Amino acid sequence: MAAPVSSMRAARGRAGRRPARIRVLDIELCEPLVSLHGLAGYDAAHLLVRSHGVPVGYVHVDLDNGVCGSDAIRTAIIMKLGTDPSSLVRNEPFRFDGPWPSLTVAVCTRSRPDDLAECLRYLDQLDYPDLELLVIDNAPDDDANALVCSEWARVRRVVEPRPGLSWARNRAVLEARGEILAFTDDDVRVDRDWAREIIMPFVQDDGVGAVAGLGVPLELETPAQLLFEEYGGASGGFTRIHMQGGPEWGVRGMWHYGLMAPHGSGANMAFRRSVFDTVALFDTALGAGTVTNGGEDTEMLFRVLAHGFGMVYEPRAIIRHRHRLEYEGVERQISGWGSGMYSFLTRSVLAFPRAWWVIGLLGARNFGHLVRRVVQPGSAPRRLVLTELAGAVTGPARYVRARSAAREIERCFGPQSHQHSP
């Protein structure tokens with residue numbers, strides 16, 4: 001999960017009145033531990049510990065005059081991960097000799113050309129034998145994204161005029177040419193092995209319909225970014241999880257999925273494209289660009305399981321997410337966690353009416369968890385928890401409004417259809 005709350009708060013406290021800055025770096029255990037220099041201006045280091053490239057955990061290390069000493073790193077690993085670094089050198093990379101399935105990576109974006117350019121720079125460096133890069137330009141205000149895409153020979157840009165993230169995701173489903181469709185966001189930098197790692201569960205098991213991966217912070221340079229990581233960040237943990245849907249999945253599966261829901265993120269998820277023939281497209285009343293402001297990714301992963309496919313959370317598939325720089329952006333995102341979650345639950349009650357009671361229990365359990373975070377001093381930034389609670393309370397009504405808005409958009413633009421470009 002994210003770095004411990006106590007570590008983040010300690011770093012903020014040490015900084016006094018000056019906002020803390022924490023340098024985010026990787027440590028590879030297959031290489032000798034060395035001191036890290038050149039970190040002047042930072043208060044601590046947030047280290048992603050990896051073995052053969054596989055993430056095994058975080059450690060948080062104080063800096064001494066801009067230096068992160070090797071002994072301090074070793075001590076932090078022993079204290080946090082409970083063992084000497086040498087014993088963590090394991091996790092040989094997966095081996096696969098067969099033909100790799102074709103992969104489309106879709107970036108759904110709107111009016112953020114600078115972010116898009118940096119995202120595409122990392123995607124273009126992926127080592128994958130059959131890769132399509134697809135940019136869905138959602139209701140663009142100008143040609144800035146078109147100019148960015150023109151700089152990359154293997155990037156295909158498709159305009160989706162209907163505003164809203166789920167409309168853009170559905171356009172990606174309709175336009176993708178790969179057997180596997182992976183989604184990421186324009187504020188993400190993918191890891192060097194991301195494509196192969198997010199594909200691997202599909203080639204290991206034909207029954208897997210969806211895969212979600214690990215999100216780690218790209219940087220922790222502002223108080224807002226530190227606050228977001230303290231609240232929970234984008235991480236789903238370092239343990240691989242495999243869930244299998246099926247006719248017997250039923251309410252027990254819905255309950256277990258509710259416990260697993262934090263392990264899925266729209267910025268790092270992939271689907272066997274053929275599953276959409278069974279589960280249908282994303283719900284256009286959910287997601288950014290609607291009043292629900294989220295939930296479309298969680299709902300789709302839930303629906304894949306409900307229709308009998310397997311789902312894997314694979315922490316080897318790593319993305320680096322640039323958290324919001326300002327507090328207002330973090331607050332909007334956390335509010336969307338609440339409204340999106342309870343919009344998703346509302347949608348699920350309508351789609352699976354026989355399971356209304358277990359979905360209701362999921363909602364009650366999650367709401368109780370948020371209330372406990374409010375009343376337990378020091379468990380989380382209280383203002384953000386209250387923001388998420390407020391979003392949760394409004395979620396059901398927002399979903400009803402968003403469904404009406406989605407119908408109006410379809411009346412104005414017509415239904416989506418294939419528009420393959422050359």
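Which shape class applies to region 83-242: rounded if a/c is under 1.5, otherwise prolate when a/b exceeds b/c and oblate if not, where a ≥ b ≥ c are the square roots of the Cα gyration tensor eigenvalues? Oblate.
Over the chain, dividing the summed -39,500 (n - 2.57) contributions of all DSSP H runs of at least 4 residues by the number of residues returns a 222 nm mean residue ellipticity of -13000 deg cm²/dmol. Here the Gaussian network model covers the chain, with springs between Cα atoms less than 10 Å apart; of Gly264, Gly395, Gly41, Gly41 fluctuates the most. Both radii come from the Cα set of region 334-413: Rg as radius of gyration, Rh as Kirkwood radius; their ratio Rg/Rh reads 1.08. Taking a label point 7 Å from the Cα of Arg74 along the Cα→Cβ vector, which residues of region 29-61 have an amide N closer than 16 Å to it? Residues 29-36 fall inside that zone. When the chain is treated as a GNM with alpha-carbon contacts under 10 Å, the residue of Gly98, Gly266, Gly363 showing the greatest mean-square fluctuation is Gly98.
Going from the fewest other Cβ atoms within 10 Å to the most, the residues Arg74, Arg372 appear in the order Arg372, Arg74.
Exposure proxy shown here: for Thr222, Thr75, Thr292, Thr284, the number of other Cβ atoms within 10 Å sets the order, fewest to most, as Thr75, Thr222, Thr284, Thr292.
How long are the semi-axes of the equivalent ellipsoid of region 270-422, taking √(5λ) for every eigenvalue λ of the Cα gyration tensor, in whole Å from largest down? Please list the in-between numbers first.
Values: eigenvalues 153, 73, 70 Å².
Values for region 270-422, descending: 28, 19, 19 Å.
The GNM of the chain, with springs linking C-alpha atoms under 10 angstrom apart, assigns the highest mean-square fluctuation among Leu36, Leu227, Leu389 to Leu36.
I'm checking a number: the convex hull volume of the Cα atoms of region 130-203, normalised per residue, in Å³. What is it?
Details: hull volume 8.0 nm³, N = 74.
Spelled out: Cα convex hull of region 130-203, divided by residues, is 108 Å³.
Please report the relative contact order for the chain, taking Cα pairs under 8 Å with a sequence separation of at least 6, and give it as a percent rounded to a whole number. Walk me through the numbers before you get to the answer.
On the way: 852 pairs, mean separation 67.4, N = 422.
Relative CO of the chain lands at 16 percent.
Along its three principal directions, the equivalent ellipsoid of region 91-133 from the Cα gyration tensor extends over semi-axes of 27, 13, 8 Å, largest first.
This ranking places His60, His321, His52 by how few other beta-carbon atoms lie within 10 Å of each, fewest first, which gives His52, His60, His321.
Since every read-out is calculated from the coordinates, none of them should be taken as a lab result. Predicted model only: the values in this text are computed from it and were never measured. Ideal geometry is used to build each Cβ from the backbone, glycine not excepted, and the neighbour counts take in all protein chains shown.
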